Amino acid sequence: MFTTSANYADIPYKYRSKNSLFSPTDTRADLKERKLSINGFKGIYNLRKLSVGILSSSYFGDPLRFIESESFGANANGFIDSTTAFLNVWNLSCASSNPAIIYVPKGRYLISSELTFSGITCKSKAIRFNIDGTLVTPSNTYNAIGNTEVWIKLYRANNVTISGGILDANGAPLWNCKSSGTKTCPRGATTFGIYHSQNIVISNMKSLNSQMFHIIIYACNNTKLEGVNISAPGFSPNTDGIHLMNSKDVTILNSKISTGDDCISIGPGNSNLWIEKVVCGPGHGISIGSLGWEEKEAGVQNVTVKNATLIGSQNGLRIKTWARLSNGFVKDVVFQHASMENVRNPIIIDANYCPHKQKCPNQVTGVKISNVVYEDVYGTSATRVAVKFDCKKGKPCTGIRLKDVNLQYEGQPAESFCSYVDGTASGLLQPTSCL
């Protein structure tokens, strides 16, 4: 039941509505039965515990009927496990045939094992999380989640929005284990995964120090990430910021990614991606790939990256593919309005990708790469070769277009490198194009 009174003063300001029917004299009993009109999600109120508002009638914006949700057993001190509490609050929301809001107040919530929000049996038309708190893993062991695939997962969900929240996976102890050469270290968990889902919105979420990838989007349709902040040191291994596979209609906006691997990595089977106003660094850049690991592999197409800023990253705008027989492809890609600051390989197509330089396939064929545009890319390169197109004789890169590229190396013009590539160049070009 309630552990504190749910008075008007308890309502977080950002969830109050100008037209709210709350008043300063409302008591817990008043709120329990009252129906109130809200604008979108505004008007949800703080119960100082995990709480649920179930929207009566058809959709968000309709009257909100409060269901007394008890305390769910969640504890905000960061030491008592809240995994079951989060599952219970999700199940209650799913059980309603109407949309629901889940509010997570400030505090630190220990999630000590894999937490999956499954939408398979959900009746709710939509669920929204408003999170002001921080979800943390156990600080004394990386094994609690280290052998799981994903720490927190949305699975077969539809119409779910997550606003706010910090996910702190405490990855440093596992990174140290791996760097020590110990062979018994677990692989590590991805912090947050969205699997086989559609109509998902993630906004203003922060992910800290993931053991492995920070966010994975796998086999999803119509997913939007906006205002996401991802942070891990540049030396942290395999901590990709956002990794996409087999998904379509994904949008990533206004996000900042600092990590030890690709800021954004686009794997096989992705299409209709829009990435805009992303700041990357440190990290390995914004990458399509690696692709071509399997002979039969879905392609990547219709990708737009606009207004990206890359700072001190190992690569800038990269396409990386293995040099082995493949039916995969990359086509219809636009990189536009990108700023580089001391970036190694600002523009690179690497069709001979083999990061550890061991047992490299070195075949003359590979993934087919075509119709890639680089427009208005400017700034400074940390390598003399600022534009590199290293393609395959058996499948040359075709339809590569450069327009208005201005990259300097230590105050001097940089250089270009081309191998088995065909395309056009126009506008201001520094370095001089080799197309």
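The values are calculated or read from the model by the stated rules, or taken from the named source; none is laboratory data. Keep in mind that what you see is a predicted model, and the values were worked out from it rather than measured. For neighbour counting, all protein chains shown are included, and Cβ atoms are generated from backbone atoms with ideal geometry for every residue, glycine included.
Does at least one position in the range 177-187 carry a residue that is hydrophobic (A, V, I, L, M, F, W, C) and part of a strand (DSSP E or B)? Steps first, answer last, please.
Within the range 177-187, the first condition is being hydrophobic (A, V, I, L, M, F, W, C), and the residues that meet it are 177, 185.
With part of a strand (DSSP E or B) added as a condition, the list becomes none.
So far as the range 177-187 goes, no, none of its residues is hydrophobic (A, V, I, L, M, F, W, C) and part of a strand (DSSP E or B).
Looking only at the range 260-284, which residues are part of a loop (DSSP other than H, G, I, E, B), touching a strand residue (DSSP E or B) at 6+ places or on another chain (Cβ under 8 Å) and more than 20 Å from N327 (Cα to Cα)? Reasoning before the result, please.
Step one: filter the range 260-284 for residues part of a loop (DSSP other than H, G, I, E, B), giving 260-263, 267-270, 281-284.
In the following step, the residues that additionally are touching a strand residue (DSSP E or B) at 6+ places or on another chain (Cβ under 8 Å) were identified as 262-263, 267-270, 281-284.
Across the range 260-284, the qualifying residues are D262, C263, G281, P282, G283, H284.
Among the conditions (1) touching a Ser or Thr at 6+ places or on another chain (Cβ under 9 Å); (2) touching a residue at least 40 places away in the same chain (Cβ under 8 Å), the only one that S313 does not satisfy is (1). Right, L407: surrounded by 16 or more Cβ atoms within 10 Å (Cβ to Cβ), at pLDDT 95 or above and not aromatic (F, W, Y) or not? Yes: the conditions hold for L407. Consider the range 344-397. How many of its residues are more than 15 Å from Q430 (Cα to Cα), touching a strand residue (DSSP E or B) at 6+ places or on another chain (Cβ under 9 Å) and of a type in the set (D, E, K, R)? Matching residues across the range 344-397 total 7.
Across the range 196-206, what is the total count of residues that are part of a strand (DSSP E or B) and surrounded by fewer than 23 Cβ atoms within 10 Å (Cβ to Cβ)? Lay out the reasoning, then the answer.
Initial filter on the range 196-206 (part of a strand (DSSP E or B)): 198-203, 206.
Checking which are surrounded by fewer than 23 Cβ atoms within 10 Å (Cβ to Cβ) leaves us with 198-201, 203, 206.
Here the count works out to 6.
Go through the range 366-388 and count every residue that is under 15 Å from Q314 (Cβ atoms), buried (at least 24 other Cβ atoms within 10 Å of the Cβ) and of a type in the set (A, V, I, L, M). Looking only at that region, the number is 1. Determine if the range 169-188 includes at least one residue that is within 23 Å of G73 (Cβ to Cβ) and buried (at least 20 other Cβ atoms within 10 Å of the Cβ). The answer is yes; a qualifying residue exists.
Please work out if N238 is closer than 23 Å to T137 by Cα, touching an Asp or Glu at 6+ places or on another chain (Cβ under 8 Å) and not β-branched (V, I, T).
Judged against the criteria, N238 is a match.
Cβ-Cβ contacts under 6 Å between residues 6 or more apart (or on different chains), taken from a first residue in the range 331-360 that is among the hydroxyl-bearing types (S, T, Y) to a second residue that is assigned to a loop (DSSP other than H, G, I, E, B) and buried (at least 17 other Cβ atoms within 10 Å of the Cβ), are listed as Y353/W322.
Scanning the range 216-254 for residues that are closer than 14 Å to G171 by Cα, hydrophobic (A, V, I, L, M, F, W, C) and within 10 Å of the chain's Cα centre (by Cα) gives a single hit, I230.
Looking at the range 207-232, which of its residues are touching a Phe, Trp or Tyr at 6+ places or on another chain (Cβ under 6 Å) and crowded, with 24+ Cβ neighbours inside 10 Å?
We begin by selecting, within the range 207-232, every residue touching a Phe, Trp or Tyr at 6+ places or on another chain (Cβ under 6 Å); these are 215, 218.
Passing the criteria: only I215.
Being in a loop (DSSP other than H, G, I, E, B) and either buried (at least 17 other Cβ atoms within 10 Å of the Cβ) or touching a helix residue (DSSP H, G or I) at 6+ places or on another chain (Cβ under 8 Å) (or both) is a property that N130 lacks.
Sort out which residues of the range 133-147 are surrounded by fewer than 20 Cβ atoms within 10 Å (Cβ to Cβ) and either in a loop (DSSP other than H, G, I, E, B) or at pLDDT 95 or above (or both), and write them in order of number.
Applying the first criterion (surrounded by fewer than 20 Cβ atoms within 10 Å (Cβ to Cβ)) to the range 133-147 yields 134, 138-141, 143, 147.
T134, P138, S139, N140, T141, N147, listed by residue number.
Restricting attention to the range 93-127, which residues are touching an Asp or Glu at 6+ places or on another chain (Cβ under 6 Å) and either part of a strand (DSSP E or B) or more than 26 Å from G188 (Cα to Cα) (or both)? Talk me through it step by step, then tell me what you get.
Taking the range 93-127 as the starting set, the residues that turn out to be touching an Asp or Glu at 6+ places or on another chain (Cβ under 6 Å) are 105-106, 110, 112.
Within the range 93-127, P105, K106, L110 qualify.
Filtered by the rule that a residue be in contact (Cβ under 8 Å) with a residue 40 or more places away in the chain and among the basic types (K, R), the range 201-253 gives a lone residue, K206. Against the numbered list (1) farther than 20 Å from V300 by Cα; (2) surrounded by fewer than 18 Cβ atoms within 10 Å (Cβ to Cβ), A425 comes up short only at (2). Restricting the range 266-291 to residues that are within 12 Å of the chain's Cα centre (by Cα) and closer than 17 Å to N302 by Cβ leaves a set whose member that is surrounded by the fewest Cβ atoms within 10 Å (Cβ to Cβ) is I275.
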